[in-house]
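The structure appears right after this line, and notes come after that.
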Amino acid sequence: MTDVRSTFPVLALLLCLAGPAWAFGPGAKGYAGSDKCKECHEEIYSQWRKTPHANMLRDAQKDPGAVAAKDYTGVPFTLQDIRWTIGSHWIQKYLTFIDNDYYVLPKYWNLVSGDWEPYSIFNWRQQPYTIFCDGCHTTGFDPESKSFHEPSIGCEACHGPGEKHAASNAAEDIVNPSKLAKDRRDMICEACHTDGKDTKDGGQFPFPSRYRPGEDLGNYFTDFFAPKPKSKKWYWGTMDYRERHRMFLFWQSKFYSTARACDVCGFDRGVSVKTDREMSKDEYCGTCHGKIYKVSSLHSRHDPQSALCIDCHTPQVTDGGRRYSIHDHKFDFSGPELPCAECHEEKDVAGKKAENHDFHFTRVKHGKTLTLEQACARCHKGKDVKATLAEWKDGQVKGKGK
């Protein structure tokens, strides 16, 4: 059996020999980039910018603060070896540049536990990122040059190339998913959140390399891979688009699971996670707010069993109360809504039809912003909330909670 430690010197040598990284452009033709979309859709852009999709792939050379890992003892690379970061919500993987291509380094940073975990120790050099991942983690991927127009999942990943629309400002020059037939709208998500091989580039990519939103995904993607264990109940053996849609529904059902895996690389959210269970509301909050989650009782002055994050952090209404922002902090784990419907609501919300970019999560019970005092008073009726909060804030200043 190969000693993993023996591979570390080889990795270090390879990293030393790595040449200068490519620029990410020009990518496929016809793309304008999300910054161009911002010129006319600033509010939509500002909400999208906060999402995990918008922060999927970040240039660590231009933005060193994007790298979450702090301690590099025991790993066979340094901060200087990291060219791009992958992910910002659960874990963070890192790309380095070797032999004219990008590869995911063999350890990733667990954002929840704040520690390293192994990733593809033995086969990490067998999966160049431009072949296996770029088509879904970037926008405007060009299969011929293997370059992309924009890192991360930008506006045009769902709306299609927008250069023509940016010049004409005509609605017919851009794809509006809300006006597509339901199956075509679902295909936009299914292009990356189901299995398959491309049918236009020799099957070299595990994604539909030339697919554009609004088109029939079946023309660009082969039948999917074999179902994973415990997922067979979703498959009927018809091997048509309906089968792919059932795969997508199964993926959705695992959205809050601790053991959901990527079908291409086999990665799950934690090597240490051995059971498939749904995360609690506080655990989910902790995937972004890890530092606070670790000291939740000090932060809230409540036993974690008696008060959840969402008991204090009630929704913040934006834009004069007409819309809700991505930071409403109202995540519903009980169902029956699935994640896509939670973000891209099609039903009426508070008596009004939700707009296409209303990134709220389920119906919000409170119609207007609550002050901190009002939030506390919902549970502590008749108590001198103002005095209690003064004591709590004093404890924050003294470093008892952050």
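The values are calculated or read from the model by the stated rules, or taken from the named source; none is laboratory data. Please read all numbers here as calculations on a predicted model, not as lab measurements. Backbone-built Cβ (ideal geometry, glycine too); neighbour counts: all protein chains shown. Accessible surface areas use protein heavy atoms only, side chains included; no ligands, DNA or RNA. Shrake-Rupley method; radii C 1.70, N 1.55, O 1.52, S 1.80 Å.
Tabulated data for the structure shown
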read-out: Within the accessible area of the range 58-146 (1.4 Å probe), percent carbon and sulfur; value: 49 percent
read-out: If the convex hull is drawn through the Cα atoms of the range 82-125, its volume per residue in Å³; value: 59 Å³
read-out: Length-normalised contact order for the range 61-138 - Cα pairs under 8 Å, 6+ apart - percent; value: 21 percent
read-out: Accessible area per residue, Å², the range 93-175 with all protein chains present, probe 1.4 Å; value: 39 Å²
read-out: Mean Cβ neighbour count within 10 Å, used as a protection proxy, ranking 141-149, 109-117, 167-175 highest first; value: 141-149, 109-117, 167-175
read-out: Solvent-accessible heavy-atom area per residue, rounded to whole Å², over the range 26-88 at 1.4 Å; value: 54 Å²
read-out: Links that overshoot a 26 Å alpha carbon limit, given the list Lys36/Lys146; Lys164/Lys200; Lys50/Lys294; Lys36/Lys182; Lys93/Lys197; value: Lys36/Lys182
read-out: Diffusion coefficient, µm² s⁻¹, Stokes-Einstein with Kirkwood Rh over alpha-carbon pairs of the range 52-140 at 10 °C and 1.306 mPa s; value: 120 µm²/s
read-out: Protection-proxy order for peptides 48-55, 150-157, each taking the mean of Cβ atoms within 10 Å per residue, highest first; value: 150-157, 48-55
read-out: Per-peptide average of other Cβ atoms within 10 Å, ordering 158-164, 56-62, 74-80 highest first; value: 158-164, 56-62, 74-80
